[in-house]
Every structure is written in C-alpha cells, then in structure tokens.
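Heads up, the thing below is written out as structure tokens.
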Amino acid sequence: MPKNKIPSYRGSLRRSGYNVLKLLSGKIINVPLGLAQIYLTTRLIGDKGYGFLVLIYAFGQLVGDVAEFQSWQTVLHYGLKPYQNKDLPLFQRVLRFSFLLDACSATFALVVSVLIAINFSNILGWPPEWHYLGIIFSFSVLFTTSATANGVLLLLNRYDLLAIQGTTTTTVRFLGIAFLTLIHGGMLGAVIVWTFATFMNFITILITALYQLYKQGFLKGFFNRINDGLTKDLPGIWKFAWNTNINMTFSLVSAHITAQIIGSMLGTVQNARYSIANKISEAIAKPVIMLQSTLYPEMTRSWQGSKPSHLYKMALQITLLTGGIISVIFLILPYIAPYIISLLLHKSTTPETLHLLYWLAGAKAVILWGISLEPILITTGNTKGASISRGINSFIYIPMLIVFIQKWGIQGIGPATLISSVLLVISQILFVIKYKKKTITQ
C-alpha cells in the first residue's frame, strides 16, 4: 500500500471478510477431524482418560500463556510502518525484540511447568497413577510460544498459510489416536501423541514464517545488525509488550484455569463433560471469533494511516454482523446439541451437560457482540484499559466460579461464565467510550 494512501474502512472490512474465508478453509478440515479425534479418544481411554488429557493440556497452556508475551501484537503495532516503508533495519529490530521475548518466555515456562508438575500434581487434580504422564507432558510447554511467527504471517497477510498451519495439531492428534486405536494403545500413547502434536504445531508455524521472511529479503543481514540496539527507535515498546502480555494473560488464564478448578473440585469425568460442552460452544462460535484475528491488522492500518472515524465505523459494522450471526446460531443450537454430545460421549446426553452447553453458548454470544472492543483498545494504544478490564474480570470470575461450583456443582459453571462475560463487555465499552472522548478532545 502506498505510503500516503488513506485506507477505506470498507476496503478493510472486505479484506477482513476475505481473510476469514481463508481461515475457515482450514476449519473445513479442522472441525470434523477435531470431533473425530474426541470420539476416538473417549472410545480409547474413556471419559476419565480424556478428562485427564484435557486437564494436563489446560495446565500446559496455562503456564505457557502466563509466561508468553503476546509478541504478535508487538509485531503488528511496531512492525507495520517499517514493513510498508521497507525500513529493513527497523523491521528487523522489531523481529529480534519479539523473538527474544518468545525465547525467554519458553525457557521460563519450561522450568515452571516441570517444577509444578513434579511437586503439585495432587492440587491440580491429577490421578496418582497418571502423575508421571503429567510430568512428561509438562515438557511440551517449551513449544507453546510461537507468537512472533503468528504475528509475521498476520502482518504479511498470509492467512492462507495460517489456515493450513492451524490444522497441524488436530491432524497429528487424529492420526496418532487412530493409530493407537488400531494397536490398542493406552494413556501413555495418548499423552505422547498430544505432546508431539504441540511440537509439530510449533515447528510448522516457525518454519513457515521464517521462509516467508526469507523470500521477501527480510532476513538478509539479520544477525549483522544485532548491535544496533534492542529497542532503538521503538518508543514505548516495552510498555506495550508488558500491557498486552498482562491483558492476554488474564484472558487466556481465565479460560485454562477453569479446567484446573473443575478437575480439582469435580474430578476428571465432570471435567470431560465440561470440556466437550465448551468445545461445542467454541466450534459454533469459531467462524466469528476468527474475525477478531483479522481485525487487528486492519484496525492498525486504519489507525496509523487514516482517520480514527474509519476504525469506529468498521467496528460498528463488525459488531452488527457478528452479533446477528451468533444470535441466529444460538437459536438453532437446542435442535442439534443433544445429538452431538451423545455422539462424542458414547452415551445418552444428560440434562446437566445440555444446560451447561446452553449457558456457555450464551456467554460466547455476549463476548461476540463485543468482539471489536478489545481490538479497538489495543490498536488505539489504550492497552492499560484493556488489561484493567481483563484483570478485574478475572478477579471476579475465579472466586465466583469456585463458589458457584461448591453450591451447584457442574451446573454452577454456566451462570458464572455468563455473568463474567457480561461484566467484561460492559467494562470494555466504558473504556472505549472514555478513550474515544479523550481522542476527540485532543
């Protein structure tokens, strides 16, 4: 895009929609493979075994997400202009900074996860007979930090490659579990398959991103300029990195810690039921959620190269579109949900599992009505507001979840999740209004 050209928000919407279609092309393979993988896994190792897999996976993701800087946002926010202006030294400085954050995050996550797995498995709700399996899987967190590679592909507008790469984990899991089914494998084999899938996902996206940078000449002399200074001509990059890290940590930790709380309080069988209900609600909302990943680059282009009004017009249209779609899906959910759950659990659907699914789907609908709020806060530099919203929400949600589970068991998860979603969207709306007024008066 020429340096002085003002991007149209309508053009940004079309580009976002086109990129979503690219990502959805990967989900055409991913969704059925994922459901088939769950079906085979629960058949191979049962509800308890699948619940344990979900528990240790959530643990690994929890530690990885706490440690990981969301450096993909740093790549977009600080790398867009030097990329457009072909400023190779500055663009490489952004990449070196982001890759360094990833390396430090991965090392820290590995040490923490192994120590926790060895010493606190009982608190995490792991069955004693599978304690050693959790320790084996804890090493996989070394391969959960691929944020910079993801940011590179977003910046280069290679959503087609992201779609292909997004099928890696599910494909490896499906093939691995299918093989275990043929040879009558067990829990050890399933843990090894899930660990290997995490590694393959990491190595695939890293190689893909590096190759794209190499093709465009952005790796030329990459290490020759290493003495230029880590953050030279990148004002506020540390503050931005910390704030986005804190914000996304609250977001992702809340999701993963839910599985830890359910597993420790209700056991692995109930955790499996929650996981399946949650996965169905996520699968239904996934096409719309994908839109958010395409919003960040487009909003960044609008904010840095255009009028602020373009950003807010785009956000309004996205909100109406996504809210309308998810509302229609939510209305037809009761007609299809019982059959899907029965298939995955190999037994008749229990009313409590169905009710949980409806609560979780309602919470997803609320979040999707506010899908453009957080990207607005991040793009416009109000990362502090985004972090405060997520932080307050997490501090309310986690104690509320524990109290609700103690009082109503698995039935308490749904109301806690829905209330949390409503509070989050309200707080984000208030910060967007506050920051928009401040922008207008300046």
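Work through the residues other than ASN243 whose Cβ is under 13 Å from its Cβ and net out their charges, Lys, Arg +1 and Asp, Glu -1. List each step's numbers first, then the result.
Details: positive: LYS239, LYS384, ARG390; negative: GLU374.
Combined, the nearby Lys, Arg, Asp and Glu give +2.
Which of these values of semi-axes √(5λ) of the Cα gyration tensor in Å was calculated from the structure shown: (i) 35, 26, 21; (ii) 34, 31, 19; (iii) 30, 27, 24?
Answer label, from the structure shown: (i).
³J(HN,Hα) across the range 169-176 via Karplus (A = 6.51, B = -1.76, C = 1.60, θ = phi - 60°), whole Hz, x for Gly/Pro?
Taking θ as phi minus 60°, the curve returns 4, 5, 5, 5, 4, 4, 5, x Hz for the range 169-176.
Contact order normalised by length for the chain, with contacts defined as Cα pairs under 8 Å and 6 or more residues apart; what percent is it?
On the way: 572 pairs, mean separation 102.1, N = 442.
The value is 23 percent.
Per the Cauchy relation, a quarter of the hull surface: what is the mean projected area of the convex hull of the alpha carbons in the range 371-442, in nm²?
4.8 nm²
Size of the range 320-429 along its principal axes in angstrom, Cα-based, largest extent first?
49, 36, 18
Please tell me which of these pairs span more than 30 angstrom C-alpha to C-alpha: LYS239/LYS313; LYS232/LYS364; LYS313/LYS364; LYS279/LYS436?
Beyond 30 Å between Cα atoms: LYS232/LYS364; LYS279/LYS436.
What residues from the range 194-212 fall in the zone where the backbone N is under 16 Å from a label point 7 Å along the Cα-to-C-beta line of THR181?
194
Averaged per residue, what accessible surface does the range 69-158 expose to a 1.4 Å probe, in Å²?
36 Å²
Kindly identify the range 24-148 as rounded, prolate or oblate by the Cα gyration tensor criterion: order the square roots of the eigenvalues as a ≥ b ≥ c, call it rounded if a/c is under 1.5, otherwise compare a/b with b/c, prolate if a/b is larger, else oblate.
In terms of gyration-tensor shape, oblate.
How far is helix 268-305 tilted off the main Cα axis of the chain, in degrees rounded to 10, range 0 to 90?
Around 10 degrees separate the two axes.
Mean-square fluctuation check for the chain, GNM, Cα pairs under 10 Å: which of GLY185, GLY46, GLY236 is largest?
Top of the fluctuation ranking is GLY236.
Please give the net charge around SER105, taking every other residue with its beta carbon less than 12 angstrom from that of SER105, where Lys and Arg add +1 and Asp and Glu add -1.
Numbers: positive: none; negative: ASP65, GLU68, ASP102.
Net charge in that neighbourhood comes out at -3.
Between rounded, prolate and oblate, where does the range 151-262 land on the alpha carbon gyration tensor, with a ≥ b ≥ c its root eigenvalues, rounded for a/c under 1.5, else prolate if a/b exceeds b/c?
Oblate shape, in that a/c is at least 1.5 and b/c is the bigger or equal ratio.
Less than 10 Å Cβ to Cβ from PHE431, Lys/Arg counted +1 and Asp/Glu -1: what total charge do the surrounding residues give?
For residues surrounding PHE431, the net value is +2.
Can you show me the helix-derived [θ] at 222 nm for the chain, built from DSSP H runs with n ≥ 4 at -39,500 (n - 2.57) apiece and divided by the number of residues, rounded to the nearest 500.
-29000 deg cm²/dmol
Want the number for ALA36 to GLU282: 0.36 nm per residue separation, take away the alpha-carbon distance, what's left?
So the chain would gain 87.0 nm between ALA36 and GLU282.
State the percentage of accessible surface on the chain attributable to carbon and sulfur atoms; use a 1.4 Å probe and exclude ligands, DNA and RNA.
Answer for the chain: carbon and sulfur cover 68 percent of the accessible area.
The values are calculated or read from the model by the stated rules, or taken from the named source; none is laboratory data. For clarity, every value in this text was computed on a predicted model and none was experimentally measured. FYI the Cβ positions are ideal-geometry reconstructions off the backbone, even for glycines, and counts take in every protein chain you see. With ligands, DNA and RNA removed, areas are computed over all heavy atoms of the protein, side chains included. Shrake-Rupley method; radii C 1.70, N 1.55, O 1.52, S 1.80 Å.
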